[in-house]
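This report refers to the structure that appears directly beneath it.
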Amino acid sequence: MKKYNELPDQLQHPLFNEAQLKLFSEEIGYYTRDKTKVYPWQQMDQNITGLLFQWEQLNGVLEKQFKVNKNGEKNMMLEAIAIFLQLLFWTNGEPVNLKHLEGKLTNFQIKPFNIYDRLIFIFSRPTSFHTFKQLQELMLEQQKKFAVKKA
């Protein structure tokens with residue numbers, strides 16, 4: 001298994017360490033190996049549906065968890081954050097790239113309002129109930145904006 005410092009530069013972020021390598025497997029493949037393969041952000045329609053299915057499954061589990069506990073299980077919350085990041089980047093036709101995030105987000109056409117500040121909040125409190133609620137709102141907003149763009 002790769003270590004955190006062996007992750008591609010574009011995925012280096014203190015929130016996502018070596019335990020979360022599986023979260024961005026498509027991006028790792030793109031940044032380290034084959035750039036000729038067709039990736040999810042290049043065939044959005046079918047892959048966005050898959051992301052949304054993953055989100056619905058995880059969202060249900062996390063909702064139940066938060067009813068019993070004020071904090072979410074860290075790995076599941078990191079997976080939820082990663083799914084949102086993939087939705088955000090893929091709907092803009094790009095692989096997730098956490099390097100120079102603010103600049104990347106500025107150039108996106110499809111994005112929720114005040115996205116950078118909201119992500120900073122999420123990254124600073126990844127297991128909190130408020131982060132989970134924020135993720136739910138961001139997922140809904142991004143889905144709506146993507147649907148409008150597609151129409």
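The values are calculated or read from the model by the stated rules, or taken from the named source; none is laboratory data. Treat the numbers as computed from the prediction; the structure is a model and nothing was measured. Note: ideal-geometry Cβ built from the backbone for every residue, glycine included; neighbour counts use all protein chains shown. Accessible surface is based on the protein model in full, side chains and every heavy atom, while ligands, DNA and RNA are left aside. Shrake-Rupley method; radii C 1.70, N 1.55, O 1.52, S 1.80 Å.
Tally up the residues in region 90-103 that are crowded, with 21+ Cβ neighbours inside 10 Å and under 15 Å from His13 (Cβ atoms), please. Give the steps one after another, and end with the answer.
First, the residues of region 90-103 that are crowded, with 21+ Cβ neighbours inside 10 Å: 90-91, 95-96, 98.
Adding the requirement that they be under 15 Å from His13 (Cβ atoms) leaves 95-96, 98.
Here the count works out to 3.
Output yes when any residue across region 81-88 is open to solvent by 10 Å² or more (accessible area, probe 1.4 Å) and without any contact (Cβ under 8 Å) to a residue 40 or more places away in the chain, and no when none is.
Among the residues of region 81-88, not one is open to solvent by 10 Å² or more (accessible area, probe 1.4 Å) and without any contact (Cβ under 8 Å) to a residue 40 or more places away in the chain, which makes the answer no.
Determine which member of the set Thr106, Thr49 is open to solvent by 10 Å² or more (accessible area, probe 1.4 Å), over 19 Å from Leu15 (Cβ atoms) and within 15 Å of the chain's Cα centre (by Cα). Talk me through it step by step, then tell me what you get.
Values: Thr106 fails: within 15 Å of the chain's Cα centre (by Cα).
Sole residue among the options that is open to solvent by 10 Å² or more (accessible area, probe 1.4 Å), over 19 Å from Leu15 (Cβ atoms) and within 15 Å of the chain's Cα centre (by Cα): Thr49.
Is there any pair linking a residue in region 93-113 that is over 21 Å from Glu137 (Cα atoms) to one that is polar (S, T, N, Q) and open to solvent by 60 Å² or more (accessible area, probe 1.4 Å), with Cβ under 9 Å and at least six apart or on different chains, and which?
Going by the 9 Å Cβ cut-off, the qualifying pairs are Gly93/Gln42.
Which one of these does Thr36 not meet: (1) in a loop (DSSP other than H, G, I, E, B); (2) modelled with pLDDT of 90 or more; (3) of a type in the set (Ser, Thr, Tyr)?
(2)
Could you pull out every one of the helices (runs of 4 or more DSSP H) wholly within region 46-151 that has 2 or more residues that are in contact with a Ser or Thr (Cβ under 8 Å, 6 or more places away or on another chain) and not acidic (Asp, Glu)? Don't jump to the end; show me each part of the working.
Numbers: elements: 74-90, 101-107, 115-124, 129-150.
In region 46-151, the matching helices (runs of 4 or more DSSP H) lie at 74-90, 115-124, 129-150.
Among the aromatic types (Phe, Trp, Tyr), closer than 19 Å to Met139 by Cβ, open to solvent by less than 40 Å² (accessible area, probe 1.4 Å) and more than 15 Å from the chain's Cα centre (by Cα), is that true of Phe66? Spell out how you get there, then give the answer.
Details: among the aromatic types (Phe, Trp, Tyr): yes; closer than 19 Å to Met139 by Cβ: yes; open to solvent by less than 40 Å² (accessible area, probe 1.4 Å): yes; more than 15 Å from the chain's Cα centre (by Cα): yes.
For Phe66, the condition - among the aromatic types (Phe, Trp, Tyr), closer than 19 Å to Met139 by Cβ, open to solvent by less than 40 Å² (accessible area, probe 1.4 Å) and more than 15 Å from the chain's Cα centre (by Cα) - is met.
Given the criteria farther than 22 Å from Lys149 by Cα, assigned to a helix (DSSP H, G or I), open to solvent by 10 Å² or more (accessible area, probe 1.4 Å) and in contact (Cβ under 8 Å) with a residue 60 or more places away in the chain, does Glu26 qualify? First the steps, then the outcome.
Working: farther than 22 Å from Lys149 by Cα: yes; assigned to a helix (DSSP H, G or I): yes; open to solvent by 10 Å² or more (accessible area, probe 1.4 Å): yes; in contact (Cβ under 8 Å) with a residue 60 or more places away in the chain: yes.
In short, yes.
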